[in-house]
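For reference, the structure is listed below as structure tokens.
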Ligand code: DQA
């Protein structure tokens, strides 16, 4: 299965940014952990992080044509604000899993508003880098 893994704003700072909330792994560390955990399981992955909402929307628009069958996305702060990202995800016909490192329900009230989440098949949050591993475990059941 060909999977596009998207990361939203500020995830480039993982490892340095609020490590007590997000852990000490960088995004590259999380990518290596997932690649290693799921190697030989038939996945081909492409990881992209962008601080720009429009870049993420363009990548989602191109995903079907590029042969991606699934998207795993951590929209980061855009989760709570972006109708446009929600709508782009709705237009992608493949499998979609939204992930979050932190359990946003234990945090500020504004993080309980989830605009993008209803566009995905399901949401996994609060398990650090294992949120990504659980998303790939779900996709593995389907492939
Ligand atoms: C996050 C949670 C969001 O509320 C926050 O804005 C992020 C990261 C997470 O992975 O826990 O940037 O998506």
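The values are calculated or read from the model by the stated rules, or taken from the named source; none is laboratory data. Bear in mind the structure is a predicted one, so any value in this text is a computation, not a measurement. Cβ: placed from backbone, ideal geometry, glycine included. Neighbour counts: every protein chain shown.
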Quick one: residue 20 ticks every box in (1) part of a helix (DSSP H, G or I); (2) at pLDDT 95 or above; (3) within 13 Å of the ligand (Cβ to nearest atom) except a single one, so which number is it?
-> (2)
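Under 17 Å from residue 138 (Cβ atoms) and in contact with a helix residue (DSSP H, G or I) (Cβ under 8 Å, 6 or more places away or on another chain): does that describe residue 2?
Numbers: under 17 Å from residue 138 (Cβ atoms): yes; in contact with a helix residue (DSSP H, G or I) (Cβ under 8 Å, 6 or more places away or on another chain): no.
No.
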Tell me, which strands (runs of 3 or more DSSP E) wholly within segment 28-143 include 3 or more residues that are away from the ligand (no atom under 16 Å from the Cβ) and surrounded by fewer than 22 Cβ atoms within 10 Å (Cβ to Cβ)?
-> 44-49
